[in-house]
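Colleague: Below you'll find the structure I mean.
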Amino acid sequence: MDIKALNTVLENRITNIFERLATLAYSLGVDYHHGLMELIWKEMMKNHAHDSMGGCCSDKVNREINEV
């Protein structure tokens, strides 16, 4: 469950803070890096493996996932 909870925290920070700040900065003339935003979301999706997100792996595997 800890991996799923950490994923939720990260997703919320990306959508509620980072994307909003990037949009605000864009409205003030700062470049909006679509490629960076896309890369961040792609990396997030790589971490959505069924077993690790569902919390159905062993403690050893869970520790290994958290070390990455």
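The values are calculated or read from the model by the stated rules, or taken from the named source; none is laboratory data. Owing to the predicted nature of the structure, the values given are computational and were not obtained by experimental measurement. Reconstructed Cβ throughout: ideal geometry from the backbone, glycine too, with neighbour counts over all protein chains shown.
Colleague: Restricting to segment 49-68, and then to whatever is loosely packed, with under 11 Cβ neighbours inside 10 Å, part of a helix (DSSP H, G or I) and not basic (Lys, Arg), can you tell me which residue is modelled with the highest pLDDT?
Modeller: 59
Colleague: Collect the residues in segment 14-42 that are surrounded by 10 or more Cβ atoms within 10 Å (Cβ to Cβ) and of a type in the set (Lys, Arg), keeping them in residue-number order.
Modeller: Answer for segment 14-42, where residues must be surrounded by 10 or more Cβ atoms within 10 Å (Cβ to Cβ) and of a type in the set (Lys, Arg): just 20.
Colleague: Looking only at segment 2-27, filter to residues that are of a type outside the set (A, V, I, L, M, F, W, C) and in contact with a Gly (Cβ under 9 Å, 6 or more places away or on another chain); which one of those is farthest from residue 46 (Cα to Cα)?
Modeller: 2
Colleague: Would you confirm, using the coordinates I've provided, whether residue 22 is at pLDDT 90 or above, small (Gly, Ala, Ser) and part of a helix (DSSP H, G or I)?
Modeller: yes
Colleague: While we're on this one: Does residue 11 meet the test of being part of a helix (DSSP H, G or I), surrounded by 10 or more Cβ atoms within 10 Å (Cβ to Cβ), modelled with pLDDT of 90 or more and of a type in the set (Asp, Glu)?
Modeller: Details: part of a helix (DSSP H, G or I): yes; surrounded by 10 or more Cβ atoms within 10 Å (Cβ to Cβ): yes; modelled with pLDDT of 90 or more: yes; of a type in the set (Asp, Glu): yes.
Spelling it out, residue 11 is indeed part of a helix (DSSP H, G or I), surrounded by 10 or more Cβ atoms within 10 Å (Cβ to Cβ), modelled with pLDDT of 90 or more and of a type in the set (Asp, Glu).
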